[in-house]
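J.: Would you mind keeping the following structure in view while I ask a few things?
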Amino acid sequence: MASAEARKVAVITGASSGIGAETAVTLAKAGYNLSITGRDEAALEAVKQECVAACKDHKIEVVITVGDITKEEVAKKIVDNTIAKFDRLDALVNAAGILVGGGAAKLPISDYDKQFDVNVRSMIIITQACIPHLIKTQGSIVNVSSIAGICSFAGATYYCMSKAAVDMFTKCLALELAPKQVRVNAVNPGVIRTNVHKRAGMNEEEYKQFLEHSKTTHALGRVGEADEVAKAIAFLAGADSSFTTGVLLPIDGGRGIMAPR
Ligand SMILES: NC(=O)c1ccc[n+]([C@@H]2O[C@H](COP(=O)([O-])OP(=O)(O)OC[C@H]3O[C@@H](n4cnc5c(N)ncnc54)[C@H](OP(=O)(O)O)[C@@H]3O)[C@@H](O)[C@H]2O)c1
């Protein structure tokens with residue numbers, strides 16, 4: 001466990017819920033100081049308390065920045081707050097994201113803009129703001145993509161496209177930053193029990209049916225939990241993956257290797 005002085009620092013977007021929130025707790029347990037962000041201040045406060053409580057043998061510090069990640073000034077504020085508080089940055093976890101369901105034949109182009117604004121454009125903006133600080137520490141970036149970036153699914157066209165863009169961003173940036181010893185990787189989750197589907201419009205009954213159906217679309221016969229993704233993110237963020245960059249790591253219960261027969 002790192003001493004307080006040597007503690008690494010991670011910025012986590014989308015930390016108020018689901019995969020980002022669980023990543024905050026996992027990295028807190030691993031000894032990171034945290035800079036967490038999202039729009040829901042109460043949820044971020046609750047995640048902060050959970051992080052602090054999860055650290056029984058060590059004391060971590062957590063800074064919160066509330067705001068809409070699609071706004072460039074918010075991305076800047078997140079990084080400024082992080083450096084003002086900790087004076088270093090070792091890992092960026094890009095977990096903020098939304099799911100806009102539907103196919104391209106019907107979805108208006110404004111939905112495409114919304115999908116790409118959150119999942120792709122905002123990721124680029126905050127990453128750019130973090131890069132100078134990550135170069136100083138030879139740190140790393142972990143992008144939360146989706147198995148939908150690798151596999152094509154009907155009825156989620158803009159979402160699949162946005163995650164394919166995240167995957168290519170990950171690989172190109174990995175090459176770009178490799179000479180600086182900054183590593184860039186992605187996780188590609190299958191269906192994970194979080195708020196994303198309900199926030200995309202599913203009601204409780206539809207979500208229940210979706211989870212039930214998902215047992216047949218994942219080789220392991222179940223959906224995943226956020227902590228199963230968070231553990232992979234922690235691996236890719238830290239020194240245990242020191243020779244790994246540009247990797248798209250499916251955390252998907254075998255969903256991506258299934259094919260109809
Ligand atoms: N759950 C799955 O099945 C699954 C599968 C594959 C990939 N993923 C990806 O995993 C990532 C995390 O999603 P999740 O499943 O954990 O969903 P979630 O529980 O809905 O969490 C989404 C997070 O993104 C944040 N967010 C969304 N729009 C934002 C905005 N405009 N500004 C700031 N923060 C914003 C939310 O924060 P606020 O509400 O506080 O703004 C929240 O913290 C997403 O990129 C998603 O595409 C999820």
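J.: Name the one entry in ALA46, ALA75, ALA42, ALA15 that is within 15 Å of the ligand (Cβ to nearest atom) and part of a loop (DSSP other than H, G, I, E, B).
T.: Values: ALA46 fails: part of a loop (DSSP other than H, G, I, E, B); ALA75 fails: part of a loop (DSSP other than H, G, I, E, B); ALA42 fails: part of a loop (DSSP other than H, G, I, E, B).
Result: ALA15 is the single residue among ALA46, ALA75, ALA42, ALA15 that is within 15 Å of the ligand (Cβ to nearest atom) and part of a loop (DSSP other than H, G, I, E, B).
J.: Which one of VAL100, VAL142 is in contact with an Asp or Glu (Cβ under 6 Å, 6 or more places away or on another chain) and outside any helix (DSSP H, G or I)? Full working, then the answer.
T.: Details: VAL142 fails: in contact with an Asp or Glu (Cβ under 6 Å, 6 or more places away or on another chain).
Result of the check over VAL100, VAL142: VAL100.
J.: Now a separate question. Considering only the range 78-97, how many residues are part of a loop (DSSP other than H, G, I, E, B) and more than 13 Å from the ligand (Cβ to nearest atom)?
T.: As a first pass, look at the range 78-97 and keep what is part of a loop (DSSP other than H, G, I, E, B): 87-90, 95-97.
Still in the running and more than 13 Å from the ligand (Cβ to nearest atom): 87-90.
Qualifying residue count for the region: 4.
J.: Sticking with this structure for a sec: Just for the range 117-139: of the residues that are touching a strand residue (DSSP E or B) at 6+ places or on another chain (Cβ under 6 Å) and part of a helix (DSSP H, G or I), which one is nearest to LEU27 (Cα to Cα)?
T.: CYS130
J.: Six or more apart or on different chains, Cβ atoms under 6 Å: show the pairs whose first residue is in the range 56-72 and within 11 Å of the ligand (Cβ to nearest atom) and whose second is of a type in the set (D, E, K, R).
T.: THR65/LYS77; VAL66/GLU41; ASP68/ARG39; THR70/ASP117
J.: Still on this structure, I have one more. Kindly evaluate VAL9 against the criterion of being farther than 27 Å from LYS114 by Cα and touching a strand residue (DSSP E or B) at 6+ places or on another chain (Cβ under 8 Å). I'd like the intermediate steps shown before the answer.
T.: On the way: farther than 27 Å from LYS114 by Cα: yes; touching a strand residue (DSSP E or B) at 6+ places or on another chain (Cβ under 8 Å): yes.
Taking the combined requirement at face value, the residue satisfies it.
Computed from the coordinates by the stated procedures, all read-outs in this text should not be read as laboratory data. Since this is a predicted model, take the numbers as computed values, not measurements. Every residue, glycine among them, receives a Cβ derived from its backbone with ideal geometry; neighbour counts consider all protein chains shown.
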